[in-house]
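Following: one structure in structure tokens, then a few remarks.
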Amino acid sequence: MNDLLPEVIDAWQCLEAVLRQVTAAYGYREIRTPVLERTALFQRSIGTDTDIVSKEMYTFLDLNGESLTLRPEATASCVRAGLEHGLFHNQQQRFWYVGPMFRHEKPQKGRYRQFHQFGIEAFGWPGPDIDAEIIAVGERLWRTLGLGPVVLEINSLGSGESRRRFRDDLVAYLTAHESALDADSRGRLQTNPLRVLDSKHPETQSVVAAAPSLIDYLDSDCRRHFDGFCARLDDLKVNYRINPRLVRGLDYYSRTVFEWVTDRLGAQNAICAGGRYDGLVETLGGKSVPAAGFAVGVERVLELLALSKPLAPGIVPDLFIAAFGEGANQTAFVLAERLRTAGMTVISQCGGGGAKRQLRQADRSGARYALVLGDDELARGEIAVKPLRSDAPQFLVSLSKIEHELELLLRSEPAQPAMAAHERG
Ligand code: HAM
């Protein structure tokens, strides 16, 4: 679990601003659900045989003896909230969310125990258009962020009878090759055989290479849905790769599944994953409502962004006020408030110190100008304005006209992103 220190928060806020902008362009509305849910919600939705539910949840009994869990993902919570508030009654819904999720996984690069997901969920559309729309949202997000190359992999898990037939044939095939499987996969063969397809183990992979392929089992409705989805992606000129081995680590999916992957982050290569989950609303007690969505690993996207360009610049303060002497200090403190009221961002030195120290602080603050006030200037009703980002000489401005003069000055040149203190050395 990571602390997010002020020096990284600017990048997070930039990303969040892009999320708001992109989701608004498609009519998705934000939803915020609690980080704690009843444990049964995740058992019923994600599935008791999945790694997430069987090994990775932070679960505890509350004071009433009720089993609660820190959410490992938010799709189930969106369904619960939609059902609880009657949002699925003859209505279609587009939701988005961002927030912390919790999984007790083995910590490694790109895999954390508290991490953040941005996700979207669309309820009430049975056809493949919405599957393609959520892909378009992802693609626009990467483009707006300037993320660099990521690859979209898609597959269809089918549904109902065809899925059962596939599962039976897969189990028969894997059982015949059981001795060549790694220990994990042998375990999964009993509990969650589709997940064997996902194994990274080289010997298991060579068994899996000749295993039956999900996509050959699709019934005609699922096939039509998948073809429609691909056709829409072609219309949008979105590149994709059909990966017949792509399965998901959560049990609620049917038909479309997908992942956006990169080869630049090491083993944890998925930055976004999702798909269709037409059965989940019913599983959780509602009438059948078709649904599809995805979730993005925010930390992974930020790591990827940091590889291709410097992280977003932070807020650039307009002014730093340095003051020397009792009277000057008092005036500077009130003056800072006046300037903020006039719309400027102002860092106060708060507490004095020598000239050299205050000017060093002014430089570190990233501000564009330092205002320097000593008791002498104060007696003359003036203040010195010192440009911090150029070699231009400092000049004096009358205290009575300071707001006006500074507004003109700040408007005359646009703010340049300030470098972080550690970059300036
Ligand atoms: P997921 O594949 O479990 O799907 O997670 C989605 C993304 O969250 C992953 O691709 C990854 O980028 C990020 N992620 C997962 N675990 C970690 C971790 N421990 N540390 C850092 N990042 C992580 C879901 O959660 C589904 N709810 C997605 C979905 C939404 N499907 C339909 N709607």
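Listed values, structure above:
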| read-out | value |
| --- | --- |
| Nonlocal amide H pairs with residue 101, under 5 Å, H built at 1.01 Å | 115, 116, 117 |
| Residue-averaged [θ]222 nm for the chain, counting only DSSP H segments that reach four residues, each worth -39500 (n - 2.57) | -12000 deg cm²/dmol |
| With DNA, RNA and ligands ignored, accessible area of residue 4 (1.4 Å probe; Å², nearest 10) | 70 |
| Shape of segment 51-155, Cα gyration tensor, a/c cut at 1.5 | oblate |
| Positive-end residue of 194, 206, 108, charge dipole of segment 89-208 with Cβ unit charges | 108 |
| Length added when fully stretched, residue 288-residue 63, from 0.36 nm per residue minus Cα-Cα | 77.5 nm |
| Linear extension gain, residue 105 paired with residue 186, 0.36 nm per residue minus alpha-carbon span | 27.1 nm |
| DSSP beta bridge pairing in the chain, given as percent antiparallel to the nearest 5 | 80 |
| Share of carbon and sulfur in the accessible heavy-atom surface of the chain [1.4 Å probe, %] | 51 |
| Cut-off 14 Å between beta-carbons: net charge of the residues surrounding residue 140, Lys and Arg +1, Asp and Glu -1 | +1 |
| Surface per residue (accessible, 1.4 Å probe) for segment 319-424, Å² | 57 |
| Dipole in debye (nearest 20) - the chain, about Cα centre, beta carbon charges: Lys, Arg +1; Asp, Glu -1 | 200 |
| ³J(HN,Hα) computed for each position of segment 381-396 - Karplus, 6.51 cos²θ - 1.76 cosθ + 1.60, integer Hz, glycine/proline x | x, 10, 9, 8, 10, 10, x, 9, 10, 8, 8, 4, x, 6, 9, 9 |
| Among the listed pairs 109/200; 55/109; 106/287; 55/200, those beyond 26 Å (Cα-Cα) | 106/287 |
| Average accessible surface area per residue within segment 1-52, 1.4 Å rolling probe, Å² | 59 |
| Student exercise, segment 319-424 dipole from Lys, Arg, Asp, Glu Cβ charges, in Debye to nearest 20 | 320 |
| Euclidean distance between Cα centres, segment 186-202 to segment 371-410, Å | 70 |
| Global form of segment 319-424, assessed from the alpha-carbon gyration tensor, a/c cut-off 1.5 | oblate |
| Three-way shape label, the chain, alpha-carbon gyration tensor, a/c 1.5 | prolate |
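The values are calculated or read from the model by the stated rules, or taken from the named source; none is laboratory data. A quick note: this is a predicted structure, and the numbers were derived from the prediction, not measured. Positions of Cβ are backbone-derived with ideal geometry, glycine not excepted, and every protein chain shown enters the neighbour counts. Protein only, heavy atoms only, side chains kept; ligands, DNA and RNA dropped before computing areas. Shrake-Rupley method; radii C 1.70, N 1.55, O 1.52, S 1.80 Å.
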